Amino acid sequence: MSSFLAVDSAGFTRALEFEKRRDPRFEVTVVNRENFFLFTPMLHEIAASDLDLTNIVNPIRKMIRHVNFFCGDVDKIDIDKKEVVVSHGFDRHSHTLEYDHLVLALGSVTNFFGLPGVAERALTMKSLGDAIQLRNRLIAHLEEADTECARAERPPLLTFVVAGGGFAGVETIASINDFLRDALPFYPNLKEEMLRIVLVHPGEYILPELGEKLGRYADKKLRERGVEIHPKTKVAAVRPNEIELSNGEKIVSSTLVWTAGISPNPILDLVPCPKERGRIKVNANLEVESVDGLWALGDCALVPDPATGKYCPPTAQHASREGKVVAQNIIASVYGAPKKPFSFKTLGALAAIGRRTGVARIFGVNFSGFLAWFLWR
Ligand SMILES: Cc1cc2nc3c(=O)[nH]c(=O)nc-3n(C[C@H](O)[C@H](O)[C@H](O)COP(=O)(O)OP(=O)(O)OC[C@H]3O[C@@H](n4cnc5c(N)ncnc54)[C@H](O)[C@@H]3O)c2cc1C
């Protein structure tokens, strides 16, 4: 029997491959600190109360019945002894899990670049908890700002700043802008001109992954709906009720949503193997060449892209397909069959920019407006 340990979520498609196969030669265990699979592309809709969270959360135990699941935190990885130490429970006690094959798909973590006050004060948009916290914050601020005694506090309470003009930042600001403007009529003491929704982006135009034309279209639509966009600007520091920008401007606000940087999961530092900027280097078959039985994929891996000669981008589109290939390659390596290299051409990229409007580039063709939103949805 070959035991195979998968540490991940999106690459969890791998476990589904084993689930389908039900080969008694394999004992498969998925380890994750959360017991659900999260569909991140619609996370911003939870923050804006557009969707119920059950729409983007799938319980892992419901999806895999023939694969083991261990809900816990990976604390240590020993590639020489082929062991992973996992802690769990209210007392955080540990277990050691042995493996023949280990697949790492630990994703990424938010990078605050050491900017003063940002890690301590900013909200993030990566987990389900983040989206719920943001939604609660928006509602709490509206309630508080509506009271007479908080009159002087309205500017910091009603100014919301998002850092980062990529997919996560743009979709988040579009959603919270719609949510706040739709909610305002229910607060008798609040007026539209009291709201300030600000997007800070270091590049010349937002959504650079979609190209200049769609980026500028999204910029125009968001501005028409009252979003203030600061291109070529970064957040420099965050203090109570104040966000300082790289151009020296100070915004009176107590809410910063940080979507402006990710870095590889720090647990990878414990794995001595070839890496570049903290991400694990794998070959075309998704295996770490110098380490027996070690595989990696998703955001924590650098996967060669044969089409561009570079590395695959860190997207769910890639991670889920890489998962399938890893599963097939582990089975092939156990049965002594040839392994399959990973190859996938990005289908496209889409973003929702509020009010049933979207932007999309699919197979090189640009779409915008309702049709793009419809395709996204
Ligand atoms: C807001 C947002 C929107 C996005 N939108 C899109 C989109 O529209 N299209 C797209 O293709 N991609 C999108 N992405 C990117 C996509 O979510 C990632 O590329 C994809 O999830 C990567 O999969 P992964 O398995 O590598 O990592 P993740 O999906 O991040 O999974 C890592 C898992 O490991 C778990 N974990 C981490 N550390 C430990 C530990 N020590 N112990 C136990 N478990 C641990 C985490 O809980 C997590 O469940 C978006 C991301 C975000 C944040």
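A few points about this structure:
- Among the residues of region 264-281, those that are out of contact with any Cys (no Cβ under 9 Å at 6 or more places or on another chain) and not hydrophobic (A, V, I, L, M, F, W, C) comprise Pro266, Asp269, Pro272, Pro274, Lys275, Glu276, Arg277.
- Any pair with Cβ under 9 angstrom, 6 or more apart, that starts in region 109-134 at a residue that is within 15 Å of the ligand (Cβ to nearest atom) and ends at one that is basic (Lys, Arg) and not in a strand (DSSP E or B): Val109/Lys126; Thr110/Lys126; Leu123/Arg137
- Ala168 vs. criteria at pLDDT 95 or above, among the small types (Gly, Ala, Ser), in a helix (DSSP H, G or I) and under 30 Å from Ala327 (Cα atoms): yes
- Among the conditions (1) within 16 Å of the ligand (Cβ to nearest atom); (2) surrounded by 22 or more Cβ atoms within 10 Å (Cβ to Cβ); (3) not β-branched (Val, Ile, Thr), Asn329 misses just one, which is (1).
- Test: residue in region 111-120 that is of a type in the set (Phe, Trp, Tyr), on the phi > 0 side of the Ramachandran plot and at pLDDT 95 or above: yes
- Restricting region 25-57 to residues that are within 30 Å of Tyr335 (Cβ to Cβ) and not charged (D, E, K, R) leaves a set whose member that is surrounded by the most Cβ atoms within 10 Å (Cβ to Cβ) is Val30.
- Qualifying residues in region 59-85 (those that are touching a residue at least 24 places away in the same chain (Cβ under 8 Å) and more than 15 Å from the ligand (Cβ to nearest atom)) - the one nearest to Arg22 (Cα to Cα): His66
- Looking only at region 223-264, and only at residues there that are in contact with a Gly (Cβ under 9 Å, 6 or more places away or on another chain), touching a residue at least 40 places away in the same chain (Cβ under 8 Å) and in a loop (DSSP other than H, G, I, E, B), the one that is farthest from Val170 (Cα to Cα): Pro240
- Residue count, region 126-146 (criterion: out of contact with any Asp or Glu (no Cβ under 9 Å at 6 or more places or on another chain) and not in a helix (DSSP H, G or I)): 1
- Exactly one residue out of Ser254, Ser263, Ser246 is within 25 Å of Phe167 (Cα to Cα) and within 13 Å of the ligand (Cβ to nearest atom): that is Ser263.
- Every pair of residues 6+ apart whose Cβ atoms lie under 7 Å, when the first sits in region 39-51 and is within 18 Å of His141 (Cα to Cα) while the second is surrounded by 18 or more Cβ atoms within 10 Å (Cβ to Cβ) and aromatic (Phe, Trp, Tyr): Ala48/Phe179; Ser49/Phe179
- Boolean, Gly364 is surrounded by 16 or more Cβ atoms within 10 Å (Cβ to Cβ) and at pLDDT below 95: no
- Scanning region 266-295 for residues that are crowded, with 18+ Cβ neighbours inside 10 Å and within 16 Å of the ligand (Cβ to nearest atom) yields a total of 10.
- Residue match in region 296-304 (condition: in a strand (DSSP E or B), away from the ligand (no atom under 15 Å from the Cβ) and not assigned by TED's automatic domain parsing to the domain that holds Gly165): yes
- Restricting attention to region 199-216, the residues that are buried (at least 21 other Cβ atoms within 10 Å of the Cβ) and not in a loop (DSSP other than H, G, I, E, B) total 5.
The values are calculated or read from the model by the stated rules, or taken from the named source; none is laboratory data. These numbers were taken from a predicted model, which means no experiment stands behind them. Here Cβ is always computed from backbone atoms with ideal geometry, including for glycine, and neighbour counts include all displayed protein chains.
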